[in-house]
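Asks: The structure is given below, and queries will be raised subsequently.
The values are calculated or read from the model by the stated rules, or taken from the named source; none is laboratory data. Being a predicted model, the structure only gives us computed values, none of them experimental. Each accessible area value is taken on the protein alone, full model and side chains, heavy atoms only, with ligands, DNA and RNA left out. Shrake-Rupley method; radii C 1.70, N 1.55, O 1.52, S 1.80 Å.
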Amino acid sequence: MKVHVALNTPRFDESVRFYRTFLGLEPVKLKPGYAKFDVHEPALNLTLNASSDVSAGALNHLGIQVASTAAVKEAAVRLKSAGLATFEEADVDCCYALQDKIWVTDPNGYKWEVFVVKVGDTHPELTASTAAASTAACCADTCCHD
């Protein structure tokens, strides 16, 4: 099984260069207005589709979960050495989980995180019903919406 994500991009050539760097691999198919990246780990079929539409949709962000903080740091080194602007977070409580992560934004404004979950639930006492009454919001203004 493999997840498929198709992104529209008015900045097609720039996006292909970005994803080559971000994913660390070449597209398996590159045609006029279409690029396909076949990522084996994690299993992902990512396609870029040239589009004249420049409006942002309802997409919040995308992410690649890795197995360790070392893998996050390896991604950080690779992305920074390629000249991409990054934002790093260490030991951040995001989405009720303790995480290390690095953020990068593609040429179209799509935000990607490479992250590791160090503690799966930092607030096990909260449930959907108790969270509604709580004044503490989960990462509404920090990690997931940066």
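Asks: What figure in square angstrom, to the nearest 10, would you give for the accessible area of PHE12 with a 1.4 Å probe?
Replies: About 30 Å², ignoring ligands and nucleic acids.
Asks: With every protein chain in place, what's the accessible area of THR69 (1.4 Å probe, Å², nearest 10)?
Replies: Number for this one is 40 Å².
Asks: Separation of segment 68-120 and segment 21-37 by C-alpha centroid, Å?
Replies: A separation of 22 Å, based on Cα centres.
Asks: ARG20 accessible area, nearest 10 Å², 1.4 Å probe?
Replies: Using a 1.4 Å probe on the heavy atoms, I get roughly 70 Å².
Asks: What list of ³J(HN,Hα) values in whole Hz, one per residue of segment 73-88 in order, does the Karplus curve 6.51 cos²θ - 1.76 cosθ + 1.60 (θ = phi - 60°) give from phi, with Gly and Pro shown as x?
Replies: 5, 4, 5, 4, 4, 4, 5, 5, 5, 8, x, 7, 6, 10, 9, 9
Asks: I've got another one for you. Taking a cut-off of 30 Å between Cα atoms, list the lysines near LYS118, but don't count ones fewer than 8 places away on the same chain.
Replies: Reachable lysines: LYS2, LYS73, LYS80, LYS101.
Asks: Then there's this: Students often forget the sequence filter, so: which aspartates and glutamates lie under 17 Å Cα-Cα from LYS111 once same-chain residues fewer than 8 apart are removed?
Replies: Once the sequence-local aspartates and glutamates are set aside, what remains near LYS111 is GLU14, GLU88, GLU89, ASP100, ASP141, ASP146.
Asks: Let me check something: with ligands and nucleic acids excluded, how do TYR19, TYR96 order by accessible area (1.4 Å probe), largest to smallest?
Replies: The residues order as TYR96, TYR19, largest area first.
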